[in-house]
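**Student:** What follows is a structure written as structure tokens; I'll ask about it next.
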Amino acid sequence: MNNVLKEKLAQHLGHKVSIVRYGDCLTLECEDCNEVIFDSDVYDLKDLEEEV
């Protein structure tokens, strides 16, 4: 697991998260923060690595 994704996930450790489908898009959403953690239409894991 790359460090950026690990950091993003760690911010929501212990929170209730869900994977939600919007058409062809999949998102990982934190229900406690009402935040989209990962959106398959916006990022792939390589994109997250390049943000650092």
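**Student:** Non-local amide H neighbours of V17 (under 5 Å, H modeled in plane, Pro and chain starts lacking H): which ones?
**Tutor:** The answer is E31.
**Student:** Taking amide H positions as placed in the peptide plane 1.01 Å from N, state which residues far from L26 in sequence (5 or more) or on other chains have amide H under 5 Å from it.
**Tutor:** Hits under the 5 Å cutoff: S40, D41.
**Student:** Please report, in debye to the nearest 20, how large the charge dipole of segment 3-43 is about its Cα centre when each Lys and Arg carries +1 at its beta carbon and each Asp and Glu carries -1 there.
**Tutor:** 160
**Student:** Multiply the residue gap between C33 and H15 by 0.36 nm, knock off their C-alpha separation, and tell me the result in nm, one decimal place.
**Tutor:** Between C33 and H15, full extension yields 5.7 nm more.
Throughout, read-outs are computed from the coordinates displayed, never taken from laboratory work. Because the structure is predicted, anything quoted here is derived from the model rather than measured. Here Cβ is always computed from backbone atoms with ideal geometry, including for glycine, and neighbour counts include all displayed protein chains.
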